[in-house]
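Notes to accompany the following structure.
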Amino acid sequence: MTTAETARALDIDGLLAAARDKTGLSDYGDDWFVEPLSVLTHALADEAKLSELGLDLTRRRLVASLADRLRLKQLQAEHPEILDEEVVVAAEICGLPRTGSTLLHRLLASSPEVTSTLSWETSYPLPFPGESPDAELRKKKARDRYEMFLEMAPDFGDIHTIEWDGPEEDVILLDRTFTSMSYDSFYWVPTYGLWLREFDQAPAYRDLKEWLQVLQWQSPHRDGKPWILKSPHHLTAVDTVLDTFPGCKIVMTHRSPTKAVPSYASMVGAISSQYSNDVDPKAVGPYWRDRFVTALQEYAVVRAARPDRFVDVTFQDTVSDPVGTATKVMGELGLPADREALEAYMERNQEQRHGSHTYTAEDFGLTEAGLEQDFAFYEKELAS
């Protein structure tokens with residue numbers, strides 16, 4: 001697709017109108033989100049080199065996110081008690097990608113004492129008209145979407161296990177704010193990523209809290225249970241996370257970036273190839289190296305100022321003793337650990353198919369020696 005064709009298809013006024021037409025609603029509430037959406041759509045047109053299918057999927061995705069914003073405002077107007085829901089976030093797990101954070105998140109979320117965002121509800125967080133409380137329609141759509149995704153990217157499941165009905169990253173809710181690491185992971189949009197580094201994400205996290213309120217309102221079984229959430233995106237806004245959710249702790253999963261960065265570059269390549277036929281892996285690697293250097297430097301500043309809000313977990317501990325590590329983390333969060341539930345999850349996890357993928361740092365325009373130098377400040381912290 002040409003830049004002009006993509007720009008026309010992703011024209012903001014057209015996207016906003018399409019969402020209004022789709023829902024029959026018009027109230028978006030605070031329009032702060034228009035700025036990030038504008039930056040994103042310009043980057044998609046100028047840089048992403050979307051295929052015809054990629055453009056179609058992307059436009060559908062953006063319109064769906066806008067439609068969800070309209071529906072959220074309508075639901076809040078009809079049920080103002082939603083905004084009275086008290087959201088307690090016990091932890092955001094937010095180390096670099098590929099650091100054992102997914103395993104730790106799913107382990108902690110298996111405890112009956114806590115709750116977490118589930119994959120199907122991050123895709124479809126609002127009730128369908130006339131839907132029963134068991135949300136069977138949304139669950140079916142989520143299963144279908146999951147199967148379609150794996151058809152488009154059959155190797156992705158070997159890189160990252162997906163469970164349509166299991167715990168999932170809350171960043172998918174943030175996608176509806178258009179301030180999310182999902183976008184530069186799915187598309188080559190470096191100007192968007194650079195802009196996001198400087199943007200004040202406080203409005204996005206206010207929205208995230210509202211999405212958690214609406215999920216909690218729909219699920220009485222969540223009453224009184226603290227949330228355990230997870231996404232590497234939160235490394236881009238650590239201070240904002242801590243300000244938005246008083247009492248929340250950052251669970252920082254640590255692994256040498258010489259392993260984590262090429263692994264994430266491999267995953268980004270697998271995802272972005274769904275939307276573009278012209279993905280340059282040797283550009284992907286340096287881009288994410290730079291993003292993560294900045295994120296870790298900023299994290300270190302916040303940590304030094306607010307050390308009591310952090311819990312540390314090493315990748316080695318997570319993979320060598322997952323149940324023991326999860327038990328320890330729950331203790332540091334002041335929550336009870338249900339070893340039986342943790343062990344039951346590990347048994348299910350081991351029964352799932354886990355493939356393998358092969359790559360080197362050089363495949364993504366990086367070298368191990370260069371990564372060691374770039375992240376020397378962080379490796380020094382790990383060794384101390």
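Quick rundown of the values:
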{"quantity": "Computed P(r) (all Cα pairs; the stretch 116-273; 5 Å bins; percent)", "calculated": "1, 8, 15, 20, 20, 17, 12, 5, 1, 0, 0"}
{"quantity": "Hydrodynamic radius of the stretch 244-376 per Kirkwood, over alpha carbon pairs, in Å", "calculated": "17.4 Å"}
{"quantity": "Burial ordering of TYR275, TYR124, fewest other beta-carbon atoms within 10 Å first", "calculated": "TYR124, TYR275"}
{"quantity": "Binned Cα-Cα distances of the stretch 36-124, short to long, each 10 Å bin given as a whole percent", "calculated": "12, 27, 32, 26, 4"}
{"quantity": "Candidate lysines for bridging to LYS209, where Cα separation is under 28 Å - those fewer than 8 sequence places away on the same chain excluded", "calculated": "LYS22, LYS73, LYS139, LYS140, LYS141, LYS225, LYS230, LYS249, LYS328"}
{"quantity": "Helix-only mean residue ellipticity at 222 nm for the chain, each DSSP H run of n ≥ 4 adding -39500 (n - 2.57), per residue, nearest 500", "calculated": "-18000 deg cm²/dmol"}
{"quantity": "Residue order, fewest to most beta carbons within 10 Å, for ILE228, ILE12", "calculated": "ILE12, ILE228"}
{"quantity": "At q = 0.14, 0.15 Å⁻¹, base-10 log of I(q)/I(0) for the stretch 1-58 (Debye sum, equal scatterers on each alpha carbon)", "calculated": "-0.41, -0.47"}
{"quantity": "Fraction of antiparallel bridges per DSSP, the chain only, in percent to nearest 5", "calculated": "15 percent"}
{"quantity": "Volume per residue of the C-alpha convex hull in the stretch 89-383, rounded to whole Å³", "calculated": "134 Å³"}
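None of the figures in this text is laboratory data; all of them are computed from the coordinates on show. Please read these numbers as outputs of a predicted model, since none were measured by experiment. Quick reminder, even Gly has a Cβ in these numbers, built from the backbone with ideal geometry, and neighbours come from all protein chains shown.
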